[in-house]
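Each remark here refers to the structure printed beneath this line.
The values are calculated or read from the model by the stated rules, or taken from the named source; none is laboratory data. Note that the coordinates shown come from a computational prediction; the quantities given were computed from them, not determined experimentally. Counting neighbours? That spans all protein chains shown, and the Cβs are built from the backbone with ideal geometry, glycine included. Just the protein is used for accessible areas: all its heavy atoms, side chains included, with ligands, DNA and RNA removed. Shrake-Rupley method; radii C 1.70, N 1.55, O 1.52, S 1.80 Å.
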Amino acid sequence: MVLVTGAAGQIAYSLLYSIGNGSVFGKDQPIILVLLDITPMMGVLDGVLMELQDCALPLLKDVIATDKEEVAFKDLDVAILVGSMPRREGMERKDLLKANVKIFKSQGAALDKYAKKSVKVIVVGNPANTNCLTASKSAPSIPKENFSCLTPGYPRNQPSTNL
């Protein structure tokens, strides 16, 4: 089972087809995909669910859309934590961190309580390094080496000189 949080958002939306068509886990790996988002986004998430069903991807054995952590984190093999609070205009970094600590503490605790202890966790939601640390600290029964995060290699909107 593979979980994607923030599943109604643009980043998750662009990732879901790649998971479903075998580009991420292999062309012979059947997937049960779990989509988690907050309650106000469930209408949008239902649309995402219908689009995935319309694609008729043969590797997608089931797609579960939910706003409940106890459903989303149950028996996971992989958790891709995309959903996070975006920084809004005028928001200070400390306010952003405070909002995201709440999200990733909760998700870490849900991983600890419901997921397989062998679960692999990838944190995408920014600030990814801090959010990853928060989630891992909140999931003490899951090995720390099972947590990783994706961070940009260069500042946003600026070309890399290393490419």
### Query
What single numbered condition from (1) outside any loop (DSSP other than H, G, I, E, B); (2) open to solvent by less than 10 Å² (accessible area, probe 1.4 Å) fails to hold for Lys113?
(2)
### Message
I need every pair where a residue in segment 92-113 that is in contact (Cβ under 8 Å) with a residue 40 or more places away in the chain and under 20 Å from Asp67 (Cβ atoms) has its Cβ under 6 Å from the Cβ of a residue that is open to solvent by 50 Å² or more (accessible area, probe 1.4 Å) and in a helix (DSSP H, G or I), sequence separation at least 6 or different chains.
### Response
Ala110/Glu69
### Task
Hand me the list of helices (runs of 4 or more DSSP H) wholly inside segment 1-72 holding 3 or more residues that are of a type in the set (Lys, Arg) and open to solvent by 70 Å² or more (accessible area, probe 1.4 Å).
none
### Task
Could you grab the pairs with beta carbons closer than 9 Å, sequence gap of 6+ or different chains, first residue in segment 68-89 and over 20 Å from Ala128 (Cα atoms) and of a type in the set (Ser, Thr, Tyr), second one surrounded by 15 or more Cβ atoms within 10 Å (Cβ to Cβ) and at pLDDT 95 or above?
none
### Top-ranked residue in segment 73-84 [being open to solvent by less than 50 Å² (accessible area, probe 1.4 Å) and either at pLDDT 95 or above or among the aliphatic types (A, V, I, L, M) (or both); ranked as farthest from Ala139 (Cα to Cα)]
Val82
### Message
Between a residue in segment 39-59 that is within 20 Å of Phe25 (Cα to Cα) and any residue that is open to solvent by 60 Å² or more (accessible area, probe 1.4 Å) and aromatic (Phe, Trp, Tyr), which pairs come within a Cβ distance under 9 Å, given they are 6 or more apart or on different chains?
### Response
Leu52/Tyr17; Cys55/Tyr17; Leu57/Tyr17; Leu59/Phe25
### Message
Given the options Pro159, Pro140, name the one that is more than 29 Å from Asn21 (Cβ to Cβ), at pLDDT 95 or above and in a loop (DSSP other than H, G, I, E, B).
### Response
Pro140
